[in-house]
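Below is one structure, written out as structure tokens, with a few remarks after it.
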Amino acid sequence: MGAVVYDVIVIGSGPAGLTAGVYCGRALLKTLVIAGAVPGGQLMLTTDVENFPGFEEPILGPDLIQRMRKQAERFGAEFVQEEATGVDFKTRPFKVSTASATYESNAVIIATGASAKWLGLESETRLRGRGVSSCATCDGFFFRGKDTVTVGGGDVAIEDTIFLTKFVKHATIVHRRDQLRASKILQDRAFKNPKISFVWDSVVEEVLGKQKVDGVRVRNVKTGKQDVLKCDGVFIAIGHQPNTAIFQNQIELDQKGYVVVGKGTATTVEGVFAAGDVHDFHYRQAITAAGDGCRAAMDAEDYLEEKILRVR
């Protein structure tokens with residue numbers, strides 16, 4: 001008996017990958033989800049989720065992921081709790097490898113997401129979800145009437161801080177240079193906003209607090225002087241890195257490493273689709289990733305019905 005060839009392999013188990021698993025399973029496609037050694041994507045780093053439709057009360061990010069997985073399993077999706085270490089999209093059926101096995105499928109949905117870039121501080125890691133966040137849109141609401149610090153000077157940092165001013169008492173931007181990298185229009189908006197102030201030529205050396213954030217220690221890179229800024233939340237906005245290393249030379253990636261998609265969710269290889277933050281660097285929300293997972297699953301189903309002869 002030959003090796004099993006799946007109809008679809010989904011790489012990734014955040015909202016995009018799990019939603020794809022649900023839709024593929026309901027379409028009676030033989031589906032394998034390569035979930036990763038630490039499954040769930042960025043929602044696993046999130047505490048209360050209040051903006052995912054269908055939940056009147058907040059739900060913990062890990063709990064939401066667990067429900068999505070159980071739903072996918074209910075419809076027959078199989079799961080492998082390993083990282084995908086390599087792919088071969090140049091031959092058919094496609095091949096996806098982990099440390100222990102190689103799996104084959106007629107279609108692939110890439111849902112590996114993107115990882116926030118962090119400062120690399122022990123205190124930052126310890127207080128993540130306790131006042132340290134990489135998503136102002138997700139968590140800004142929890143800081144109503146409080147003081148926050150944003151780290152960064154690009155478009156994302158300024159956009160996030162302007163958004164935060166809808167809720168916070170005051171927002172301070174800490175930037176390692178003496179001028180912003182953000183677009184001029186965003187700079188103008190930030191400079192005119194009375195709730196925003198700036199700490200220039202400075203880096204965050206430590207996030208302060210035991211059980212929750214109560215400040216940051218910053219160092220001026222020119223003078224070496226250190227100061228403490230009192231705050232209730234710290235938003236790290238120095239960019240994201242798409243998790244696409246294994247897809248280099250297999251599909252087209254843009255200059256920043258995001259998957260290039262054309263019609264719908266189709267990549268530059270027929271039969272390979274992309275969903276969620278692995279190609280979407282603008283919205284980066286659980287609900288938009290889930291919607292993308294739905295679209296990718298439907299696109300994969302259409303591709304399989306049209307191109308692949310399957311005997312049931």
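The values are calculated or read from the model by the stated rules, or taken from the named source; none is laboratory data. Note that the structure is predicted; figures quoted are calculated from it, not measured. Reconstructed Cβ throughout: ideal geometry from the backbone, glycine too, with neighbour counts over all protein chains shown.
Here are some notes:
- Number of residues in the stretch 58-86 that are β-branched (Val, Ile, Thr) and surrounded by 21 or more Cβ atoms within 10 Å (Cβ to Cβ): the value is 1.
- Candidate set: the stretch 222-261, residues that are in contact with a Lys or Arg (Cβ under 6 Å, 6 or more places away or on another chain) and among the β-branched types (Val, Ile, Thr); chosen: the one surrounded by the fewest Cβ atoms within 10 Å (Cβ to Cβ): Val228
- Among residues that are β-branched (Val, Ile, Thr) and either under 12 Å from Ala111 (Cα atoms) or assigned to a helix (DSSP H, G or I) (or both), Thr268 is not included.
- So Lys95, is it outside any helix (DSSP H, G or I), surrounded by fewer than 20 Cβ atoms within 10 Å (Cβ to Cβ) and at pLDDT 95 or above: yes
- In the stretch 74-125, of all residues being free of Cβ contacts under 8 Å to residues at least 40 places away in the same chain and either within 30 Å of Arg219 (Cβ to Cβ) or not assigned by TED's automatic domain parsing to the domain that holds Asn249 (or both), the one that is farthest from the chain's Cα centre (by Cα) corresponds to Glu122.
- Residue tally, condition out of contact with any helix residue (DSSP H, G or I) (no Cβ under 7 Å at 6 or more places or on another chain) and either assigned to a loop (DSSP other than H, G, I, E, B) or of a type in the set (S, T, N, Q) (or both), over the stretch 244-257: 9
- Within the stretch 39-70, considering residues that are in a helix (DSSP H, G or I) and among the small types (Gly, Ala, Ser), the one farthest from Arg130 (Cα to Cα): Gly41
- The stretch 164-179 residues that are among the small types (Gly, Ala, Ser), paired with ones that are assigned to a loop (DSSP other than H, G, I, E, B) (beta carbon under 8 Å, 6 or more apart): Ala171/Thr165; Ala171/Lys195
- Test for Gly264: is it small (Gly, Ala, Ser), in contact (Cβ under 8 Å) with a residue 60 or more places away in the chain, surrounded by fewer than 22 Cβ atoms within 10 Å (Cβ to Cβ) and within 27 Å of Leu64 (Cα to Cα): no
- Residue within the stretch 147-169 that is at pLDDT 95 or above, among the aromatic types (Phe, Trp, Tyr) and surrounded by fewer than 16 Cβ atoms within 10 Å (Cβ to Cβ) present: no
- Ile185 more than 30 Å from Thr268 (Cα to Cα) and touching a helix residue (DSSP H, G or I) at 6+ places or on another chain (Cβ under 7 Å): no
Rundown of residues vs (1) at pLDDT 95 or above; (2) at positive phi; (3) under 25 Å from the mean Cα position of the chain (by Cα), yes/no style:
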site	(1), (2), (3)
Gly271	yes, yes, yes
Ala275	yes, no, yes
Val278	yes, no, yes
Gln285	no, no, yes
Ala296	yes, no, yes
Asp299	yes, no, yes
Leu304	yes, no, no
Leu309	no, no, no
Arg312	no, no, no
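- Helices (runs of 4 or more DSSP H) (entirely within the stretch 119-185) containing at least 1 residues that are touching a Ser or Thr at 6+ places or on another chain (Cβ under 6 Å): 136-139, 155-164
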